[in-house]
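The values are calculated or read from the model by the stated rules, or taken from the named source; none is laboratory data. Remember, predicted model here, so these are calculated numbers, not experimental data. Neighbour counts are summed over all protein chains in view; Cβ atoms, including those assigned to glycine, are modelled from backbone coordinates with ideal geometry.
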Amino acid sequence: MAKEEKHKSDQESSDVPLVFISHDNRDAELAEAFSKLLKSVSAGMLKSFRSSDKKGTEGIQFGDDWYKRLMSQLDSASDVVCLLTGRSMDRPWILYEAGVAKGKLDTPVHGIALGIPLGSVSTGPFYQFQNSDDSEESLTKLVLQLSKREFQP
């Protein structure tokens, strides 16, 4: 693809909301499932980024400068969803990604407590966010909220 075509393609896709899924790589299957849920609910109109994607194009491609790609996707994100599990709660990269999103970019951050009590994620830096538990009702509400972004200017 020529440089001009690639640039044009990037501009066109920038109008589509991007959900940055922050997670521990050991929770890659959860991140993939959440990404599929977002695509399904939004009829494919909502894009997502997850660094652990090795199968498709939602992650970091081989040969990419991974930090530059990560920061570019954070900068482009309409929302950041942090998958908070027993493995990921205190992981530095999740805290860093949430901090950059909220502190530097003023991007909405959503924490989801998956397999852990909601109260355990409402401490530390995530205390300032209205976090979600992993109940069907809460996840449905969050996914619908994220999918509505595609219709907002």
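The residues listed here are I112, I60, I94; of these, the one that is buried (at least 18 other Cβ atoms within 10 Å of the Cβ) and free of Cβ contacts under 8 Å to residues at least 12 places away in the same chain is I60.
Summed over the stretch 21-45, residues that are at pLDDT 90 or above and in a loop (DSSP other than H, G, I, E, B) total 2.
Determine which single condition T140 fails, assuming it passes every other condition in (1) touching a residue at least 60 places away in the same chain (Cβ under 8 Å); (2) more than 16 Å from S48 (Cα to Cα); (3) surrounded by fewer than 16 Cβ atoms within 10 Å (Cβ to Cβ); (4) not small (G, A, S). Failed condition: (1). Can you name the residue in the stretch 46-67 that is closer than 22 Å to T107 by Cα and over 15 Å from the mean Cα position of the chain (by Cα) and is also modelled with the highest pLDDT among such residues? Only one residue tops the list, namely Y67. Inside the stretch 100-153, residues that are modelled with pLDDT under 90, outside any helix (DSSP H, G or I) and not β-branched (V, I, T) make up a count of 7. Among the residues of the stretch 73-99, those that are touching a strand residue (DSSP E or B) at 6+ places or on another chain (Cβ under 9 Å), in a loop (DSSP other than H, G, I, E, B) and closer than 13 Å to A28 by Cβ comprise T85, S88. Among the residues here, V121 does not qualify as touching a helix residue (DSSP H, G or I) at 6+ places or on another chain (Cβ under 6 Å) and either crowded, with 16+ Cβ neighbours inside 10 Å or of a type in the set (D, E) (or both).
Assess whether L70 counts as being at pLDDT below 90, outside any loop (DSSP other than H, G, I, E, B), buried (at least 19 other Cβ atoms within 10 Å of the Cβ) and not hydroxyl-bearing (S, T, Y).
On the way: at pLDDT below 90: yes; outside any loop (DSSP other than H, G, I, E, B): yes; buried (at least 19 other Cβ atoms within 10 Å of the Cβ): yes; not hydroxyl-bearing (S, T, Y): yes.
Answer is yes for this residue.
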